[in-house]
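In what follows, a structure is listed as structure tokens, so that the remarks can point back to it.
The values are calculated or read from the model by the stated rules, or taken from the named source; none is laboratory data. Quick caveat: nothing in here was measured; it's all calculated off a predicted structure. All Cβ positions, glycine included, derive from the backbone under ideal geometry; neighbour counts span all protein chains shown.
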Amino acid sequence: MLNIIKVSNEEQFNEVGAGIIAGLLQTNPRAILGLATGSTPVGVYAHLIELYKKGLVSFAQATSYNLDEYIGLASDHPESYRRFMNEKLFNHVDIDLRNTYVPDGTASNPEQAAQEYTRMLDAAGRIDLQFLGIGHNGHIGFNEPADELHATTHVVALKEDTRQANARFFNSIDEVPTHAMTMGIASILKSKQILLMAKGESKAEVLARALTGPLTTQCPASLLQTHPNVVIVVDQAAGGMLK
Ligand code: F6R
């Protein structure tokens, strides 16, 4: 079931997204969160920090698993997803950093580290709420369009368009890592609920393809159509091509 919420401005976008995450933590303080990085969640996390400061939400008993991480960036590299999470959310709320997990992009054996991440996820049980953004090519996490998709956490070669899209955060495209580690599609779909957020006109076409087009591994987000509980929050621009 896809439930689409169209909001009219950036503030509402962040409020609605943060409200969904905070609402879960209010009813289930021990919730397991699946978290995303990128530009989409930044304002959502900022709003969550505000809610925390007002005493409206606590992360003290929560656990989080991030979707993905670049391979080869140290955890304190300005563009590593671990550092992003610490700076944009974790350092400003009461979450216990020991309960926050991000795939280890510095592991000497990334394949083994990916398997270890899958083992941890399996041991944790099901993620209560998985937060997702969507790539212009339809990727979720770093599950890139391909003939075949992986079920669990794995190492992936980033597509050129993904590296180019993310080059805005680096000094040059050459600095963008070529590989990442990402949760797989089955791990994402196993979550009890999924929150997909997208804003801006540049996401309109891929959102329409993902949500109303055929199921295809060439648009990994299209597989979300098989999930029983997906909430999609879009602004007017991103939702412009949805019926
Ligand atoms: C990030 C992630 C990616 C992004 C996607 C959209 O952890 O898994 O799938 O969600 O690339 O990125 P933004 O939000 O920067 O448009």
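Pull out all pairs, ordered by first then second residue, where Cβ-Cβ is under 6 Å, the residues are six or more apart or on different chains, the first lies in region 25-52 and is in contact (Cβ under 8 Å) with a residue 60 or more places away in the chain, and the second is in a loop (DSSP other than H, G, I, E, B) and within 16 Å of the ligand (Cβ to nearest atom). Final answer for the pair search is ILE32/ILE127; GLY34/ILE127; GLY34/SER191; ALA36/LEU67; ALA36/GLY133; GLY38/GLY133; THR40/GLY133. Can you find a residue that is closer than 28 Å to VAL230 by Cα, more than 11 Å from the ligand (Cβ to nearest atom) and in contact (Cβ under 8 Å) with a residue 40 or more places away in the chain anywhere in region 156-166? For region 156-166, residues closer than 28 Å to VAL230 by Cα, more than 11 Å from the ligand (Cβ to nearest atom) and in contact (Cβ under 8 Å) with a residue 40 or more places away in the chain: absent. Which one is farthest from LEU158 (Cα to Cα) among residues in region 54-76 that are within 16 Å of the ligand (Cβ to nearest atom) and modelled with pLDDT of 95 or more? Filtering first and then ranking leaves SER64. If only residues of region 231-243 that are among the small types (Gly, Ala, Ser) and either part of a strand (DSSP E or B) or without any contact (Cβ under 8 Å) to a residue 60 or more places away in the chain (or both) are counted, the one that is surrounded by the most Cβ atoms within 10 Å (Cβ to Cβ) is ALA238.
Looking across region 184-230, just one residue is part of a loop (DSSP other than H, G, I, E, B), in contact with a helix residue (DSSP H, G or I) (Cβ under 7 Å, 6 or more places away or on another chain) and surrounded by 21 or more Cβ atoms within 10 Å (Cβ to Cβ), and that is LYS199.
The criterion of being hydrophobic (A, V, I, L, M, F, W, C), within 12 Å of the ligand (Cβ to nearest atom) and either assigned to a loop (DSSP other than H, G, I, E, B) or under 16 Å from the mean Cα position of the chain (by Cα) (or both) holds for ALA180.
Close Cβ contacts (under 7 Å, 6 or more residues apart or on different chains) running from residues in region 1-21 that are free of Cβ contacts under 8 Å to residues at least 24 places away in the same chain and within 19 Å of LEU211 (Cα to Cα) to residues that are among the aromatic types (Phe, Trp, Tyr) and part of a strand (DSSP E or B) are absent. Does region 141-154 contain at least one residue that is surrounded by 23 or more Cβ atoms within 10 Å (Cβ to Cβ), part of a loop (DSSP other than H, G, I, E, B), more than 10 Å from the ligand (Cβ to nearest atom) and at negative phi? The answer is yes, given that some residue of region 141-154 is surrounded by 23 or more Cβ atoms within 10 Å (Cβ to Cβ), part of a loop (DSSP other than H, G, I, E, B), more than 10 Å from the ligand (Cβ to nearest atom) and at negative phi. With respect to (1) hydroxyl-bearing (Ser, Thr, Tyr); (2) more than 14 Å from the ligand (Cβ to nearest atom); (3) at pLDDT 95 or above, the lone exception for SER172 is condition (3). Among the residues of region 39-53, is any under 20 Å from MET183 (Cα atoms), away from the ligand (no atom under 16 Å from the Cβ), outside any helix (DSSP H, G or I) and modelled with pLDDT of 95 or more? Checked region 39-53: no residue is under 20 Å from MET183 (Cα atoms), away from the ligand (no atom under 16 Å from the Cβ), outside any helix (DSSP H, G or I) and modelled with pLDDT of 95 or more.
If you check every pair at least six apart or on different chains, which have Cβ atoms under 6 Å apart with a residue in region 94-111 that is within 13 Å of GLY72 (Cβ to Cβ) first and a residue that is among the aromatic types (Phe, Trp, Tyr) and surrounded by fewer than 18 Cβ atoms within 10 Å (Cβ to Cβ) second? Sorted first by the residue in region 94-111, then by its partner, the list stays empty.
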